[in-house]
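First the structure, in the form of structure tokens, and then the observations on it.
Just so it is clear, none of the values below were taken in a lab; they were calculated from the coordinates. Just so we're clear, the structure is a prediction, and the values are computed from it rather than from any experiment. A quick note on method: Cβ atoms are made from the backbone with ideal geometry, for glycine too, and the neighbour counts reach across all protein chains shown.
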Amino acid sequence: MKLVTAIIKPFKLDDVREALSDIGVQGITVTEVKGFGRQKGHTELYRGAEYVVDFLPKVKIEIAIGDGLLDQVVEAITKAANTGKIGDGKIFVTSLEQCIRIRTGETGEDAV
Amino acid sequence: MENNVFHLQYAMDTFYFLVCGALVMWMAAGFAMLEAGLVRSKNTTEILTKNVALFGISCIMYLVCGYAIMYGGNYFLSDIATVDVDSTLKSFAEREDGFTGGAIYSKPSDFFFQVVFVATAMSIVSGAVAERMKLWAFLAFAVVMTAFIYPMEGSWTWGGNAVFGMFTLKDLGFSDFAGSGIVHMAGAAAALAGVLLLGARKGKYGKKGEVNAIPGANLPLATLGTFILWMGWFGFNGGSVLKLGDIGNANSVAMVFLNTNAAAAGGSIAALITARLLFGKADLTMLLNGALAGLVAITAEPSTPSALQATLFGAIGGVLVVFSIVALDKLKIDDPVGAISVHGVCGLLGLLLVPITNTGSSFSGQLIGALTIFVWVFVTSLIVWAVLKAAIGIRVSEEEEYEGVDLAECGMEAYPEFTNKQ
């Protein structure tokens with residue numbers, strides 16, 4: 001099992017969700033996060049004074065999947081979240097030791 | 001028959017006064033929303049608490065002694081309820097110019113209209129000292145300001161009394177129709193004294209002299225507050241005509257409404273364009289301050305300018321307020337909502353614009369009047385703030401300021417999260 005964590009631009013969330021549904025992903029968890037990468041922050045203006053916003057708003061998606069679906073999931077996110085501009089985000093893949101569905105007690109790939 | 005007409009005129013002018021007073025009362029909501037929008041969310045509950053409490057204090061203290069100091073009469077308004085119908089009708093019949101003569105209206109309606117002006121002056125202070133002042137020190141100042149400092153300068157201006165028996169402002173050609181100086185600049189002078197002793201918010205000014213932005217939490221609220229103030233201002237200026245009940249005065253009221261609105265429009269657009277030229281962006285907060293600056297600038301004389309003049313006077317206020325806000329920041333005078341610039345600088349501007357259209361006033365009279373009001377309010381406020389600072393302190397601790405005065409003073413957040421215990 002794998003845990004795929006993707007940081008994407010917030011306005012790409014719907015596209016990514018649709019792409020993942022299309023390949024059969026059953027559930028995702030979404031968090032609003034802030035951070036910076038190579039895009040860095042940007043400056044804003046308030047009453048004549050400039051200020052730097054270091055951390056930009058992003059959306060973090062977490063998806064637990066069976067090993068077989070990994071390549072498809074990575075490809076779906078990469079395609080759907082891509083704008084070609086700096087700040088599109090990243091995908092992290094980690095292996096997942098265990099997964100349990102709370103309602104039924106199922107474990108492993110049956111539960112993801 | 002004639003007596004019936006007098007009854008009716010009395011009723012109409014009293015009713016007009018009360019409606020305008022209610023409009024001005026609603027300005028308290030405008031100040032509360034404007035200030036709540038321009039502070040950070042961690043200081044919202046406290047600024048709202050201040051705004052409601054200061055309104056209550058203003059009403060009580062003006063009732064206890066403020067009105068008596070300003071206009072004579074008894075403390076606690078003890079004689080205000082009685083009306084002698086026969087002698088009132090007699091004064092109607094005897095007044096010069098008959099039906100079109102001076103306004104005669106109910107005494108309680110006069111108090112009601114005056115008391116909401118005191119609260120307006122006090123509301124101006126709360127925005128300037130926001131986010132760092134102790135709640136109870138502020139409320140203690142509100143007691144002195146509304147019971148004594150404001151009524152004293154009010155007695156020299158609208159009350160017609162001599163300044164400590166030395167000179168009478170009215171004789172010198174001083175005229176302030178609805179209170180650019182008496183209400184707005186006075187409030188700003190008290191605010192300036194407070195800010196000077198209080199210091200800037202932590203992090204507002206860097207070590208190398210840079211000005212850091214501390215963005216307000218809720219610009220929709222600030223915008224709503226500005227529109228509420230704009231609406232309330234029709235009562236503020238319109239009611240100050242004091243009479244509706246004849247053709248001349250009814251027309252004057254209509255002209256005041258028209259000019260008040262025109263000045264706000266001129267001020268808003270002038271500030272928007274100025275901000276765009278200075279900063280490269282259309283700064284909403286400057287636009288809001290510009291509308292208010294236009295309103296303050298026209299308040300000293302909204303009845304004599306033409307509609308075009310009123311728009312231009314407002315526009316001058318709108319340009320001036322942007323430069324004033326930037327200049328105060330350079331001087332490290334931290335005013336989160338721009339109250340000192342809007343009400344102080346543009347209040348002075350309003351006073352100085354009066355002689356252009358009102359031949360009954362003079363520049364020298366306006367200057368002496370402005371100086372009298374400013375020096376009196378600034379010096380007495382400085383003393384009161386200094387005494388409060390020595391006695392109980394006027395500033396919250398650095399840690400409380402960092403955590404937000406909502407938690408430190410009120411123990412309550414404006415926008416609580418993660419607190420649902422079901």
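Charged neighbours of B:D406, selected by a Cβ distance under 15 Å, balance to -4 (K, R count +1; D, E count -1). Per q in 0.08, 0.11, 0.12, 0.15 1/Å, what log10 I(q)/I(0) does a Debye calculation on the alpha-carbon atoms of segment B:279-422 return? Computed log10 I(q)/I(0) values: -0.36, -0.62, -0.71, -0.93.
Net charge of the neighbourhood of B:A213, taken over other residues with C-beta under 13 Å away and scored Lys/Arg +1, Asp/Glu -1, is -1.
Relative to the Cα centre, the charge distribution of chain A, modelled as +1 at Lys and Arg Cβ and -1 at Asp and Glu Cβ, gives a dipole magnitude of about 520 debye. Pairs of Lys residues in segment B:21-135, spaced 8 or more positions apart or belonging to different chains, with C-alpha separations under 21 angstrom: 4 in total.
Applying the criteria of a DSSP loop state and at most 15 other Cβ atoms within 10 Å to the GluC sites (Glu not before Pro) of segment B:1-103 yields B:E96.
Taking θ as phi - 60° and the Karplus parameters 6.51, -1.76 and 1.60, the scalar couplings of segment B:354-359 work out to 4, x, 5, 10, 10, 6 Hz in sequence order, x denoting glycine and proline. Each listed q (0.15, 0.17, 0.27 Å⁻¹) maps to a log10 I(q)/I(0) for segment A:15-64, found by the Debye formula over equal Cα scatterers with no solvent: -0.59, -0.66, -0.98. Relative to the Cα centre, the charge distribution of the protein assembly as shown, modelled as +1 at Lys and Arg Cβ and -1 at Asp and Glu Cβ, gives a dipole magnitude of about 1220 debye. Taking R0 as 60 Å, what's the FRET efficiency between A:T29 and B:A11 from their Cβ-Cβ distance, rounded to 0.05? About 0.30, to the nearest 0.05.
Evaluating 6.51 cos²θ - 1.76 cosθ + 1.60 at θ = phi - 60° for every residue in segment B:339-345, the Karplus couplings come out as 5, 5, 5, 5, 8, x, 5 Hz, glycine and proline recorded as x. Counting only DSSP H runs of at least 4 residues, each contributing -39500 (n - 2.57), and dividing by the residue count of the protein assembly as shown, the helix-based mean residue ellipticity at 222 nm comes to -17500 deg cm²/dmol. Less than 5 angstrom separates the built amide H of A:V33 from those of A:K58, A:V59, A:K60, all sequence-distant by 5 or more or on a different chain. Counting 0.36 nm for each residue step from B:K332 to B:A386 and taking away their Cα separation leaves a gain of 17.5 nm. Residues of chain B were split at every exposed loop site, defined as trypsin sites (Lys or Arg not before Pro) in a DSSP loop with at most 16 other C-beta atoms within 10 angstrom, and the longest piece left, sites excluded, is B:96-201. For chain A, the spherically averaged projection of the C-alpha convex hull amounts to 8.5 nm². Along the positive direction of the dipole of chain A (beta-carbon charges: Lys, Arg +1; Asp, Glu -1; about the Cα centre), which of A:A49, A:V74, A:G24 reaches farthest? Value: A:A49. Where does segment B:309-363 land on Rg/Rh, using Cα atoms and the Kirkwood Rh? Expressed as Rg/Rh, it is 1.06. Listed from fewest to most Cβ neighbours within 10 Å, the set B:V183, B:V375 follows the order B:V375, B:V183. When Rg and the Kirkwood radius Rh are both evaluated on Cα atoms of segment B:137-271, their ratio Rg/Rh stands at 1.05.
Shown here: segment B:194-321, whose C-alpha atoms stretch 61, 32, 26 Å along the first, second and third principal axes, sorted largest to smallest. When the alpha carbon gyration tensor of segment B:94-169 is reduced to an equivalent ellipsoid, its three semi-axes come out at 33, 17, 10 angstrom, largest first.
Starting from the Cα of A:T107, move 7 Å in the Cα-to-Cβ direction to define the label point; list residues of segment A:1-38 whose amide nitrogen is under 20 Å from there. Hits in segment A:1-38 for A:T107 at 20 Å: A:1-3.
Given DSSP loops and a limit of at most 11 other Cβ atoms within 10 Å, what is the longest stretch of chain B that contains no such chymotrypsin sites (Phe, Trp or Tyr not before Pro)? The longest such stretch corresponds to B:165-417.
For chain B, find the longest principal axis of its Cα atoms and tell me its angle to the long axis of helix B:85-94, 0 to 90°, nearest 10. Tilt relative to chain B: about 70 degrees. For segment A:1-101, trypsin sites (Lys or Arg not before Pro) are listed when DSSP marks them as loop and at most 13 other Cβ atoms sit within 10 Å of their Cβ; the list is A:R38, A:K40, A:K85, A:R101. For chain B, the longest principal axis of the C-alpha atoms and the axis of helix B:307-330 are separated by about 30°. Relative to the dominant Cα principal axis of chain B, helix B:44-61 is inclined by about 30°. Along its first, second and third principal axes, ordered by size, segment B:182-260 spans 61, 29, 15 Å in Cα coordinates. Loop-located GluC sites (Glu not before Pro) in segment B:318-422 (DSSP state not H, G, I, E or B) with no more than 10 neighbouring Cβ atoms inside 10 Å: B:E417. Rg/Rh for segment B:1-122 (Cα atoms only, Rh after Kirkwood) is 1.12.
Here the dipole of segment B:1-93 is about 540 debye; that uses its Cα centre as origin and unit charges on the Cβ of Lys and Arg (positive) and Asp and Glu (negative). Taking every Cα-Cα distance in the protein assembly as shown and sorting them into 20 Å bins starting at zero, the pair-distance distribution P(r) comes out as 20, 43, 22, 12, 3, 0 percent.
Lys and Arg at +1, Asp and Glu at -1: add these up for the other residues within a Cβ distance under 14 Å of B:L77 and post the number. Around B:L77, the charge tally is -1. Backbone phi angles across segment B:114-127, fed through the Karplus curve with coefficients 6.51, -1.76 and 1.60 (θ = phi - 60°), yield HN-Hα couplings of 6, 5, 6, 5, 4, 4, 4, 4, 6, 4, 4, 5, 4, x Hz in residue order; Gly and Pro are listed as x.
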